[in-house]
Every structure is written in C-alpha cells, then in structure tokens.
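Inspection log for the structure reproduced underneath, given as structure tokens.
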Amino acid sequence: MSYRSRADLGGQDVRGVIVMETEGDLFHAPWEPRVMALVVAMGPTGLSNIDMNRATRETLPNYRELSYYEIWLAALEKLALQNGVLSESPPEPKQVLHADSVMAAIKKGTSVSRPAARPARFSIGDRVHTAEHASQHHTRLPAYARGKLGVIEKIHGAHVFPDTNAHGMGEAPQWLYTVAFAEKELWGDAKPLQGSIISIDAFEPYLEPA
Amino acid sequence: MELRVRALETQLTEKGYIDPAALDVLIDAYQTKIGPRNGARVVARAWCDPEYRRWLLRDATAAIASLGFSGRQGEHMVAVENTADVHNMVVCTLCSCYPWSVLGLPPTWYKSAPYRSRAVKDPRGVLKEFGVELPPAMQIRIWDSTAEVRYLVLPLRPPGTEHLSESQLAALVTRDSMIGTGLPKPPT
C-alpha cells in the first residue's frame, strides 16, 4: 500500500493568489467555528492524536479541492468512523472536555517533549544529509528538503515522533533539530536569487552525517 | 455543510464524547481572548525591556508564559528576531502549524496552497504581494515549522517610537508582522 500526502506543498507550482485578511476575520461560514471547536474538543477523548489527525487530513483524495475547515471536517468524520465512534459499542473516551475546564485545558496545552532515550547524535554546526526517498507513511520531512545538505542550527530536545505516532506505533521520541539550507541547495540556480535561508525542523531519523 | 456539521456534533454528543457547552467556550476563547493582541503584548514588552527581550530569545515558551499566554499550539515556542540584516518569515508547508497561544487561529491565506507553496521558494514575491519590499541585501530567513515548535517573529521597533508607552507600541504590532509577512505600523 502506498502512502501519499497531498498536503506537502513547499516549492510546488500552485496557481492562485494570496488573499489578504484583516485580523478579526477568523471564520467565513457559521459552521467553521463549530468544526474548529469539535476538533479541539475531541483531543482529550484520546481516540486519535495530532499526528493521526494530520495523516488523515493529508491523505484525503480531494484535499486540494477543499477549504481548510472542510478538510478538518472530512478528517473528523473519517476518524469517527474508523474509531468506531458511531458504532453500537463506541470506545470509552479517556476524558471529555467540559465547559468549565476549557480555559485550563487551553492554557495547559499538550507538550510533545519527552525524555531522550540516548544522547543527541548531532551538534549545532554539524553538516547533515536529509533522507532521500519518499516516505511510505506519514512523515514531517517535506519533499523539497529531501536528499539535501543542511546544517544543524538548533536542538529542541526529544519530541514525539510523528512517523510512528500517526500510525498507532507509539511515541518513539526522537531528537528534533532545526536544519538550515542554502536556497541554492534547495532550488538550484533556476530562480532569481532571493537572498534567503530556509530551515525545517527535522527529526533525527531523517538525518545522516554529511 | 451546516447540516453535516450539526449531524456530526449531535452524534458525538449523543455518544458522550462532546459537551456542546465546551464548544461555545472554545469558540469564544479564540474569538475574544486568544489572538494576535497577545503576541503584540509580547513584542511590545521585548521592545521596552532589554532583559525580557533576552529571555524571549533564549526561552520563548517561558518568557511568553510569564505574560499569561501559554498552552495549546504554543507549547514549544521560539522567537526569532528581525535585525537590520535579517528578516524572518514563518510558514508551514505541510499543514498549517501556527502559534495559537500568541496569534490565535491562523488566517485563511496562511493555510492556503499559494502561500504554503511559495513562501519557501519565492519569499520576495510573496512579500511583495503583502506590500513589503525589503532591501536586496537583506537576508530572508524562512522558518518552515514542520514539527511542534512554533515560531514568533520579533519585528524591528519602528523608528520615531521612543516616546510611546508599551500599550501604544503594542497597537503598532500587526499579526502579519509577527508572521513575517508584514512590518509593524509606523507611529501616527
């Protein structure tokens, strides 16, 4: 079975202009805030995690035709079905978010920092190669940054690894780094020079010493 | 769409996963309490207080939490500072990762394919669409937030604002200036 993300857009040729929005302009239909709140409120039930949510969204066949809250809704519906939420014997929610605990839950958030199982493989300033091949599962290494030479710029500690967590294979914490690339390394000489440096946040398994 | 959403909400409520009253509180929180005015306060404080600025650049999560802004989609914050030589800009090419705790919900364009595809490859073109033209010698530093680290741009304090109070300064800080697609407003 091949896994294909339709959300990996960096550097692709996409038509359309960027439509500006004023600051308070958050929603564009009355159902949109409801979808936002449903997705957030389903978090504490523990039926899925943020990486499963992202994997479900990015593999929707019509991802590119949908608006963002339509994507969120479609993924929520799909996950509800997959998790048996709408079946005769739905799974127990781990926790239900009630009105009086919303603000505390928002303030607390959900940290993905975890104790590291071993020391970091790389140090700041190290040169690294990113993994070359397209992934057959959910991953957070964008296509434009695959098989490229970069430099470790920051070390963020060990974080939950989306590649396993998205598929119910555990958190398997991995060291997370900010890896910076020269624009020429990513885009070659084709474009007019931008004078830019681009970074991604990359998990250790995406990287090899260069 | 309206009916589809209502149907799902009803089902999730009946099965005991959702408390509809919690949804109302959530929506209100992101409409009235958690938005870019939070981030503007962080920026204005950093402009006024050199010690706070250093703390923000060293440990943004803690420095931001000290002003009461913490939690969801801001658990792992990094502040990146614009200088005379470097302009920072934030994108999430893979989805729509955004620092909710300081900026609230992302604008539609931030989640859209045109911005996500082009910000990494043609940042000057994108900035131009936002009405921002930077000197050719200025380096543009793009942060693609591909994991759970969330980035807040600390823009340059506009000239001629020495006499302004912290809250007057906060009013100059736009949402876009904290994403890096804009600059703070000049003082009136």
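All of the numbers you see were taken from the coordinates with simple rules; none came from a lab. Note that the structure is predicted; figures quoted are calculated from it, not measured. Every residue, glycine as well, gets a Cβ built from its backbone with ideal geometry; the counts of neighbours run over all protein chains shown.
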Exercise for the section: Could you work out the mean count of beta carbons from other protein chains within 10 Å of each residue's beta carbon in A:135-144? Expected result: 3
Completion exercise
Taking every alpha carbon pair in the stretch A:26-73 and sorting the distances into 10 angstrom bins from 0 up to the bin holding the longest one, the percent per bin comes out as 24, 51, 24
Problem - Residue-averaged [θ]222 nm for the protein assembly as shown, counting only DSSP H segments that reach four residues, each worth -39500 (n - 2.57) - result: -9000 deg cm²/dmol
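Hey, what D do you get for the stretch B:1-109 in µm²/s if you plug the Kirkwood alpha-carbon radius into Stokes-Einstein at 37 °C and 0.692 mPa s?
Roughly 203 µm²/s, to the nearest whole number.
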Fill in the blank from the handout: Between B:Ala7 and B:Thr161, the two model label points (7 Å from Cα along the beta-carbon direction) sit apart by a distance in nm of 5.0 nm
Fill in the blank from the handout: Env charge @ A:Glu58, Cβ radius under 11 Å, K,R +1 / D,E -1, value +4
Practice task
Based on other C-beta atoms within 10 Å, arrange B:Ser145, A:Ser113, B:Ser165 from fewest to most.
Solution key: B:Ser165, A:Ser113, B:Ser145
Exercise for the section: Determine which lysines satisfy two conditions relative to A:Lys107: a Cα distance under 19 Å, and not lying fewer than 8 residues away in the same chain. Expected result: B:Lys33
Problem - Where N is the number of residues in the stretch B:87-188, Cα Rg divided by 2.2 N^0.38 Å - result: 1.09
Practice task
For the stretch A:9-151, count all C-alpha to C-alpha pairs, find those more than 20 Å apart, and express that count as a whole percent of the total.
Solution key: 66 percent
Handout entry: Residues in the stretch B:127-146 that a label on B:Val86 would reach, taking backbone N under 19 Å of a point 7 Å out along Cα→Cβ
Key = B:134-146
Practice task
Provide A:Glu185, A:Glu204 in ascending order of the number of other Cβ atoms located within 10 Å of each residue's Cβ, fewest first.
Solution key: A:Glu185, A:Glu204
Problem - Gap separating the Cα centres of the stretch B:83-120 and the stretch B:138-181, nearest whole Å - result: 13 Å
Problem - Cα-based helix-to-principal-axis angle, A:31-42 vs chain A, degrees rounded to 10 - result: 90 degrees
Problem - Two-site label geometry, B:Asp49 and A:Ser67: point separation in nm, points 7 Å out along Cα→Cβ - result: 4.0 nm
Practice task
Towards the positive end of the charge dipole of the stretch B:41-136, with charges on Cβ (+1 Lys, Arg; -1 Asp, Glu), say which of B:Ser66, B:Asn82, B:Ser117 has the farthest Cα.
Solution key: B:Ser117
Fill in the blank from the handout: For the stretch A:58-65, Karplus-derived ³J(HN,Hα) couplings (6.51, -1.76, 1.60; θ = phi - 60°; whole Hz; x for glycine and proline) come out as 6, 9, 4, x, 9, 3, 6, 8
Practice task
Give the whole-number value, in cubic angstrom per residue, of the convex hull volume spanned by the C-alpha atoms of the protein assembly as shown.
Solution key: 146 Å³
Practice task
Taking chain A as the reference, fit the longest principal axis to its C-alpha atoms, fit the long axis of helix A:68-82 to the helix C-alpha atoms, and give the angle between the two in degrees, 0 to 90, nearest 10.
Solution key: 70 degrees
Problem - Whole-Å semi-axes of the ellipsoid equivalent to the stretch B:53-112 (Cα gyration tensor, √5λ, descending) - result: 20, 17, 8
Exercise for the section: Could you tell me, in Å, what Rg and Dmax come out for the Cα atoms of chain B? Expected result: 18.1, 60
Exercise for the section: Assuming R0 = 45 Å, can you tell me the calculated FRET efficiency for the pair A:Leu149 and B:Arg37, based on Cβ-Cβ distance, to the nearest 0.05? Expected result: 0.65
Practice task
Work out the P(r) tail for the stretch A:45-100: percent of alpha carbon pairs separated by more than 15 Å, whole number.
Solution key: 53 percent
Problem - Backbone HN-Hα couplings from phi across the stretch B:159-175 [Karplus 6.51/-1.76/1.60, Hz, Gly and Pro as x] - result: x, x, 10, 4, 7, 7, 7, 4, 6, 5, 5, 4, 5, 7, 7, 8, 4
Problem - Sequence-distant residues sharing a close amide H with A:Val128 (under 5 Å, placed H) - result: A:Gly150, A:Val151, A:Ile152, A:Ala210
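In what sequence do B:Ser101, A:Ser67, B:Ser70, B:Ser177 fall when counting other Cβ within 10 Å, fewest first?
A:Ser67, B:Ser70, B:Ser177, B:Ser101
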Fill in the blank from the handout: With A:Lys107 itself left out, Lys, Arg at +1 and Asp, Glu at -1 over residues whose Cβ is under 13 Å from its Cβ give +2
